[in-house]
Amino acid sequence: MKSVAVFCGSRHGANPAYGDAARATGRLLAEQGLTLVYGGGHVGLMGEVAQSCLQAGGRVIGVIPEFMVGRELALVGCTELHVVDSMHTRKAMMADLADAFIALPGGFGTFDELFEILTWGQIGLHGKPVGVLDVAGYYSGLQDFLQKTVQEGFVHDAECAKLQFADEPARLLELLMNTPVLPTGWAKADWLVKT
């Protein structure tokens, strides 16, 4: 593992623990020699994780749509900043640049990124590890909901089990580093045609 994409909010959220976790994640990635791949912004938790990584001597790759640069939301201090044409291109480039994915607290954009990367894994487009940092119980309801999707027959338990949860950045990174990268392609998803 050489790089980790972090999906997180463009706001700070109501609980100061969210910002603390974002900064701790950024520092941890730098300390572990891992490149941070993120959405390229300087605001909210996005800005916190990136600036903390940079301040700790880490490498940060930002990927941001052009219309957001026009709104002066880009973090110009990134090691690399890729300006792309759309949100779709942004997500595809982040997925390509990263060896693993972490979701911190966030809103619709974070949920979109997390669920799209889970879907891509489900259909065999990647086999990279995915984790959720459950800061102050923010994602506890998501764990319950995902179990319901399994119980109701919409998600296979093997797919649901691939999503790692932890409440501390170092523990989550340890889980992701010990998760084997799966081969890609439809062959690994045989259960899709059996159920």
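The values are calculated or read from the model by the stated rules, or taken from the named source; none is laboratory data. All values derive from a computational prediction rather than experimental measurement. Glycine gets a Cβ as well: all are built from the backbone with ideal geometry, and neighbour counts include every protein chain shown.
Annotations
- Subset of the stretch 109-130 that is crowded, with 19+ Cβ neighbours inside 10 Å and β-branched (Val, Ile, Thr) - its residue that is nearest to PRO65 (Cα to Cα): THR110
- Residue satisfying all of: in the stretch 60-94; crowded, with 16+ Cβ neighbours inside 10 Å and of a type in the set (Lys, Arg); farthest from HIS126 (Cα to Cα) among these: ARG90
- Extreme residue, modelled with the lowest pLDDT, among residues of the stretch 168-192 that are assigned to a helix (DSSP H, G or I) and crowded, with 16+ Cβ neighbours inside 10 Å: ALA189
- If you check ALA24, ALA56, ALA17 for being among the aliphatic types (A, V, I, L, M), touching a residue at least 60 places away in the same chain (Cβ under 8 Å), more than 18 Å from LEU114 (Cβ to Cβ) and surrounded by fewer than 17 Cβ atoms within 10 Å (Cβ to Cβ), only one passes: ALA17.
- In the set (1) free of Cβ contacts under 8 Å to residues at least 60 places away in the same chain; (2) under 14 Å from the mean Cα position of the chain (by Cα), the condition left unmet by PRO105 is number (1).
- Total residues in the stretch 59-100 satisfying the condition of being under 15 Å from SER10 (Cα atoms), without any contact (Cβ under 8 Å) to a residue 60 or more places away in the chain and among the aliphatic types (A, V, I, L, M): the figure is 7.
- Residues of the stretch 75-95 satisfying the condition of being more than 18 Å from the chain's Cα centre (by Cα) and among the hydroxyl-bearing types (Ser, Thr, Tyr): THR79, SER86
- Among the residues of the stretch 101-124, just one is among the hydroxyl-bearing types (Ser, Thr, Tyr) and under 18 Å from HIS12 (Cα atoms), namely THR110.
- Among the residues listed as GLY58, GLY44, the single one being under 13 Å from LEU104 (Cα atoms) and touching a Ser or Thr at 6+ places or on another chain (Cβ under 8 Å): GLY44
- Any chance THR35 is of a type in the set (Val, Ile, Thr), within 15 Å of the chain's Cα centre (by Cα) and more than 25 Å from SER140 (Cα to Cα): yes
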